[in-house]
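These notes are about the structure you will find just below.
The values are calculated or read from the model by the stated rules, or taken from the named source; none is laboratory data. Note that the structure is a prediction, hence the values are computed from the model and not measured. Neighbour counts are summed over all protein chains in view; Cβ atoms, including those assigned to glycine, are modelled from backbone coordinates with ideal geometry.
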């Protein structure tokens, strides 16, 4: 009977029976999804997450992969310098002192052909003429020069050495005495301001060849004999049986790259072009294609440059099929960097907010619930943390991390910790205020009056009523954290190369040239930051309105 | 009312069997903190030397204007506030000396219903949980009977069983007050402090709630301390009435006696303000002059002398003592001094 009555009552009296029961959480959710801006925010955030976390998995590139491209650029091929110091060719089995070059230069200038080198050995130069000197190791001897035909001949030929009839070579030094000092000489080398280039790059030339060629050119002879072969001198070219053996020139050629052989033909062509005053010439390369070389003259130093296919880092490449957003200053794919950077930006946002909420809730909750001196102490700590000027602190910590050369991951962890340690105070204040006001609400008094334990009072009655404000604050705070991270990374204090974050991508725009010419480098990252922060604010607003519909407008 | 004279053990034992609650010389002062170091610079004497007793199964109405200490008295009895001085004897035990466990047991015997049904329900808990939470906490019913027990309580308080899963925001004020009553009664209390339980409700709902309270009192033999500033409601529900002014109980007695012949000038003024539903009845209203004085700095002598129309010279210096005018009708006023 009684049951039936109640059934009837339910049917017609109380229309509330037909209304679906909605928990406060469901009501909030319903109100939230009716908010268009909040939905826009959610869509943006979901996109950002998919883009960063899923996109990062899909994209074939890594964030720090450097891309190269081939480009035809003007590169140094060879350099030519007029030889202005003596080239010394060493005799087989002899060793020349290291200061032979300077000593030779001094001796040739002063005419004092016998000198002592730094290691104490006595050397003498035999002046062949035309800047060619034979180098002898000498020792002073007493020798009568009178009626010595070889000596007379040498004096007549304006030479300071002669070969005596017994085959011994003597060097004499006239220092104003009646008779010059005579030295017995053993040949150890030859010096001249000339260089030799063999036509066959595998052939090495012998000392005897060098000496023969140099002496012949100094004496103006058209042939010489060395190693039992008779070489002919044809201008600068030395031939053997009509075949070119070597080129003698007073210009020294150096290849720009190691291992490149500068052929005598090339030298001849280049010298001819220089002599003719041309600023470029062509010469066939190994394949026979004519390549244009440009001549640059810098104070007698000639540089020959040519266009060369080179592998270069693909910097600031415009968006293309391969790189959808282009590449940055380091030749890294911007799309990949945006994705990986988004991971870090979003992750830092969430981690920091999580730590902030955790610390803030505990400190604020304890302060609010227990009150009294605990509240006083904790709130003064909060005040002190509030007073810390954040930007200088970030700058200092950033430079400390630079000093210790912290790795990219360490920097990320440290950044999270630092930002959270500074940011929790706002949440602590909000939680404390909320709990202070809730504590005085009659439902808390009622809970106490019904003898419910302190633990249940805090976790079943207080915390669920603080959570809405916390969620709102956290979602708004997320935007701030992402902005702060971007700011720090932009200033070069946060995430550093090669790790990427949206802020550090924008960091590339530190000169106006990049800003005006490579918009694709910084615009996407900037837009992403803007959209994400905006979206978190939309969501925060939406949540606030959903939690507290009375506050709306 | 048991006066301070009733101090012998024998009398106490007799009274405790008959009286469920005895309050003796209860004082509750709130410190006023001030100054640079936060020292106590003064005290708000919210309840200043109040004594009364309530017989088992009866209702005592506590009336007075706002801020006179009615609610503070109620909450101090429940030990939601710690008393400053005096004794609160509940069921023969001094409430203020109870340890943690004793206090926990006390919570099931004494309950309170609050004035505001909106703020006294946690917005994030379903009704079943609000009502049953403390029942489970105290283990009052076995687990297998728990659901039936909650349903039974809800039905008794005029709620439907399907309300269990709903949240407070889905209920009207009257329904919420029923939930509050159900929450209090679920603990099977013997004594309930009703702290203005109907003043936030409109008149038709007030009647429902009052009748519900009376019905429950009959069914369960409850004792109420009914705090209100609405004299008509108090007259309807109370067996005895206490009139409070500025922390003092100025007059107590049976409802009929007090309504028939209010003795204290303040009670007279209060009763003259009851609106009558008949416009032809002409009434001599006693209008009180001035505001209620601050309880932080109450007047000397009789605290009512600043506003009393019959103020005498000695009222300003001498504190009037309670006098029994017969049939337990006690008044504190110099008008009735026997000199």
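Within 10 Å of chain A (Cβ to nearest Cβ), farther than 19 Å from residue A:449 by Cβ, out of contact with any strand residue (DSSP E or B) (no Cβ under 6 Å at 6 or more places or on another chain) and surrounded by 20 or more Cβ atoms within 10 Å (Cβ to Cβ), is that true of residue B:183?
Working: within 10 Å of chain A (Cβ to nearest Cβ): yes; farther than 19 Å from residue A:449 by Cβ: no; out of contact with any strand residue (DSSP E or B) (no Cβ under 6 Å at 6 or more places or on another chain): yes; surrounded by 20 or more Cβ atoms within 10 Å (Cβ to Cβ): yes.
It is false that residue B:183 is within 10 Å of chain A (Cβ to nearest Cβ), farther than 19 Å from residue A:449 by Cβ, out of contact with any strand residue (DSSP E or B) (no Cβ under 6 Å at 6 or more places or on another chain) and surrounded by 20 or more Cβ atoms within 10 Å (Cβ to Cβ).
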request  = Working only within the range A:422-459, note down all residues that are more than 30 Å from residue B:187 (Cα to Cα) and without any contact (Cβ under 8 Å) to a residue 40 or more places away in the chain.
outcome  = A:422
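When you go through A:369, A:283, A:350, A:304 one by one, which is the residue that is touching a strand residue (DSSP E or B) at 6+ places or on another chain (Cβ under 7 Å) and touching a residue at least 40 places away in the same chain (Cβ under 8 Å)? Break it down into steps so the answer makes sense when it comes.
On the way: A:369 fails: touching a strand residue (DSSP E or B) at 6+ places or on another chain (Cβ under 7 Å); A:283 fails: touching a residue at least 40 places away in the same chain (Cβ under 8 Å); A:350 fails: touching a strand residue (DSSP E or B) at 6+ places or on another chain (Cβ under 7 Å).
Among A:369, A:283, A:350, A:304, only A:304 is touching a strand residue (DSSP E or B) at 6+ places or on another chain (Cβ under 7 Å) and touching a residue at least 40 places away in the same chain (Cβ under 8 Å).
Within the range A:181-239, restricting attention to residues that are assigned to a strand (DSSP E or B) and in contact with a helix residue (DSSP H, G or I) (Cβ under 6 Å, 6 or more places away or on another chain), which residue is nearest to residue A:84 (Cα to Cα)?
A:192
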key: Residue that is surrounded by the fewest Cβ atoms within 10 Å (Cβ to Cβ) [pool: residues in the range A:457-476 that are touching a helix residue (DSSP H, G or I) at 6+ places or on another chain (Cβ under 7 Å) and within 11 Å of another protein chain (Cβ to nearest Cβ)]   = A:457
query = Can we say residue A:430 is under 32 Å from the mean Cα position of the chain (by Cα) and in a helix (DSSP H, G or I)?
reply = no
ask   = Quick check: anything in the range A:23-42 more than 30 Å from residue A:534 (Cβ to Cβ), within 12 Å of chain B (Cβ to nearest Cβ) and either at pLDDT 50 or above or part of a helix (DSSP H, G or I) (or both)?
value = yes
task = Select, from A:124, A:93, the only residue that is farther than 29 Å from residue A:262 by Cβ and without any contact (Cβ under 8 Å) to a residue 60 or more places away in the chain.
result = A:93
ask   = Of the residues B:169, B:229, which is touching a residue at least 24 places away in the same chain (Cβ under 8 Å), surrounded by fewer than 18 Cβ atoms within 10 Å (Cβ to Cβ), within 12 Å of another protein chain (Cβ to nearest Cβ) and on the phi < 0 side of the Ramachandran plot?
value = B:169
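What about residue A:346, is it surrounded by 13 or more Cβ atoms within 10 Å (Cβ to Cβ), under 30 Å from residue A:46 (Cα atoms) and touching a helix residue (DSSP H, G or I) at 6+ places or on another chain (Cβ under 7 Å)? Steps first, please.
Working: surrounded by 13 or more Cβ atoms within 10 Å (Cβ to Cβ): yes; under 30 Å from residue A:46 (Cα atoms): yes; touching a helix residue (DSSP H, G or I) at 6+ places or on another chain (Cβ under 7 Å): yes.
So residue A:346 fits the description; yes.
Would a scan of the range B:43-63 turn up a residue that is in a loop (DSSP other than H, G, I, E, B) and crowded, with 22+ Cβ neighbours inside 10 Å?
no
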query = Could we say that residue B:138 is surrounded by fewer than 17 Cβ atoms within 10 Å (Cβ to Cβ), within 11 Å of chain A (Cβ to nearest Cβ) and in contact (Cβ under 8 Å) with a residue 40 or more places away in the chain here?
reply = no
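I'd like the full set of residues that are more than 7 Å from every other protein chain (Cβ to nearest Cβ) and surrounded by fewer than 20 Cβ atoms within 10 Å (Cβ to Cβ), limited to the range B:109-124. Even if it seems obvious, please write down each step before you answer.
Here is the first cut: in the range B:109-124, the residues more than 7 Å from every other protein chain (Cβ to nearest Cβ) are B:109-110, B:113, B:115, B:117-118.
Within the range B:109-124, B:109, B:118 meet the criteria.
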remark   = Exception for residue B:104 within (1) more than 28 Å from residue A:467 (Cβ to Cβ); (2) at the interface with another protein chain (Cβ under 8 Å from one of its Cβ atoms); (3) buried (at least 16 other Cβ atoms within 10 Å of the Cβ) falls at (3)
message = Considering only the range B:86-98, I want to know if a residue exists there that is part of a strand (DSSP E or B), at pLDDT 85 or above and out of contact with any helix residue (DSSP H, G or I) (no Cβ under 8 Å at 6 or more places or on another chain).
response = yes
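When the residues of the range A:204-214 are narrowed to those that are in contact (Cβ under 8 Å) with a residue 12 or more places away in the chain and surrounded by fewer than 20 Cβ atoms within 10 Å (Cβ to Cβ), which ends up nearest to residue A:89 (Cα to Cα)? Show your work before the answer.
Step one: of the range A:204-214, the residues in contact (Cβ under 8 Å) with a residue 12 or more places away in the chain are A:205-214.
Filter again for surrounded by fewer than 20 Cβ atoms within 10 Å (Cβ to Cβ), leaving A:205-208.
Values: A:205: 10, A:206: 9, A:207: 7, A:208: 10 Å.
Going through the qualifying residues, I end up with A:207.
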key: Selection count where residues are closer than 22 Å to residue A:182 by Cα, in a helix (DSSP H, G or I) and in contact with a strand residue (DSSP E or B) (Cβ under 8 Å, 6 or more places away or on another chain), scope the range A:88-132   = 6
task = Please work out if residue A:415 is over 30 Å from residue A:28 (Cβ atoms) and buried (at least 18 other Cβ atoms within 10 Å of the Cβ).
result = yes
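For the structure I just gave you, tell me whether residue B:146 is over 16 Å from residue B:184 (Cβ atoms), modelled with pLDDT under 90 and more than 7 Å from chain A (Cβ to nearest Cβ).
On the way: over 16 Å from residue B:184 (Cβ atoms): yes; modelled with pLDDT under 90: no; more than 7 Å from chain A (Cβ to nearest Cβ): yes.
No, not satisfied.
Which is on the phi > 0 side of the Ramachandran plot, exposed (fewer than 14 other Cβ atoms within 10 Å of the Cβ) and in a loop (DSSP other than H, G, I, E, B), of B:290, B:301? Full working, then the answer.
On the way: B:301 fails: exposed (fewer than 14 other Cβ atoms within 10 Å of the Cβ).
B:290 is the lone residue from the list that is on the phi > 0 side of the Ramachandran plot, exposed (fewer than 14 other Cβ atoms within 10 Å of the Cβ) and in a loop (DSSP other than H, G, I, E, B).
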